[in-house]
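Let me begin by presenting the structure, written as structure tokens, before commenting on it.
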Amino acid sequence: ETAIPESHPRHESLLARHRIEDGVEKGITSRQGLIAQGRGEAYDYLLGERTIESADAAARAAAAQFLLADHPVISVNGNVAALCPDAVVDLAQATDADIEVNLFNRTEERMAAIAEHLREHGASEVLGLAADAQIPGLDHARATVDADGIHAADVVLVPLEDGDRAAALDAMGKTEIVIDLNPLSRSPQVADVPIVDNLVRALPLIAEYARELRDDSREELETVVEEFDREAALDAAERTIRSSTTD
Ligand code: ATP
Ligand code: MG
């Protein structure tokens, strides 16, 4: 691995690029994932590479949703697995959520490589390989999920989800939490809780809030959910990007 001095002003961003490159080399991340990363970086640059206030509120609402859920599932793709496997495993522990590998360009090799990678990072169980259920309204390859995973989930966290699939999951009546740096993308637009932030920052933040809220009553958690305004959060993110100033 190339050494990047921590003093480098783009240290975090360069590190992320290396992780994605590594992911491609290990067969975890698709080459399309490189493009997604570049797109994300551009938005992150405009956000000031920080968690804006509205994204912080969204992460808190997401944590409350996780704690209220009967069956929360964290969906993991090749970019997520390459960038922050430890944060995925930690969030699953903090919220009692299942982890499911779910790929836009599904190949059995990549499914297995990602599951193995997550287990190496401490995941006890990784779903997605059973592939015994379908999300209605999508073609077969894109629709495939686990019956006891995403298909049965009441709350799903889908970082970097494709717009069509985000809409199809929403149509199934699931509470959907999306992490995406582009507030104009369809996935955050259909999410119950859109978190416009880098998943590298957002995943640990949700886990932190989950631990903070863990002993709250259902009523208190429901208040956190109700106080979050998804439209306002999307607007605030878009305004921040368009003005590229501090919020
Ligand atoms: P659209 O939603 O605009 O129709 P798309 O979702 O098909 O297009 P992609 O380029 O595949 O387009 O989407 C990748 C998405 O993932 C982008 O919206 C990008 O901002 C987001 N993204 C990439 N890396 C990260 C990251 N580390 N954290 C959060 N979001 C990210
Ligand atoms: Mg999108």
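The values are calculated or read from the model by the stated rules, or taken from the named source; none is laboratory data. The shown structure was predicted, so the numbers you read here are calculated from the model rather than taken from an experiment. As a convention, Cβ positions derive from the backbone with ideal geometry for all residues, glycine included, and neighbour counts pool all protein chains shown.
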Worksheet item: Which residues, counting only those in region 77-96, are surrounded by 23 or more Cβ atoms within 10 Å (Cβ to Cβ) and not in a helix (DSSP H, G or I)?
Response: Asn77, Cys84
Worksheet item: Considering only residues of region 229-247 that are part of a loop (DSSP other than H, G, I, E, B) and surrounded by 10 or more Cβ atoms within 10 Å (Cβ to Cβ), which is modelled with the highest pLDDT?
Response: Asp229
Worksheet item: Which residues, taken from region 155-165, are assigned to a helix (DSSP H, G or I) and more than 11 Å from ligand 1 (Cβ to nearest atom)?
Response: none
Response to the item:
Checked Leu221, Leu234 against criteria (within 20 Å of the chain's Cα centre (by Cα) and not charged (D, E, K, R)); the one match is Leu234
Worksheet item: Name the residues in region 50-62 that are within 16 Å of the chain's Cα centre (by Cα) and either over 12 Å from Phe228 (Cα atoms) or not in a helix (DSSP H, G or I) (or both), would you?
Response: Thr51
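Against the condition within 16 Å of ligand 2 (Cβ to nearest atom), free of Cβ contacts under 8 Å to residues at least 40 places away in the same chain, assigned to a helix (DSSP H, G or I) and among the hydrophobic types (A, V, I, L, M, F, W, C), how does Ala168 come out, does it pass? It would help to see each step written out before you state the result.
Numbers: within 16 Å of ligand 2 (Cβ to nearest atom): yes; free of Cβ contacts under 8 Å to residues at least 40 places away in the same chain: yes; assigned to a helix (DSSP H, G or I): yes; among the hydrophobic types (A, V, I, L, M, F, W, C): yes.
Considered against the rule, which asks whether it is within 16 Å of ligand 2 (Cβ to nearest atom), free of Cβ contacts under 8 Å to residues at least 40 places away in the same chain, assigned to a helix (DSSP H, G or I) and among the hydrophobic types (A, V, I, L, M, F, W, C), Ala168 comes out as yes.
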Discussion item. Being part of a loop (DSSP other than H, G, I, E, B) and either within 12 Å of the chain's Cα centre (by Cα) or farther than 18 Å from Gly27 by Cβ (or both): is that true of Ala147 here?
Written reply: yes
Worksheet item: Here are Ala237, Ala202, Ala207: which of them is touching a Pro at 6+ places or on another chain (Cβ under 6 Å) and either under 22 Å from Gln32 (Cβ atoms) or of a type in the set (A, V, I, L, M, F, W, C) (or both)?
Response: Ala237
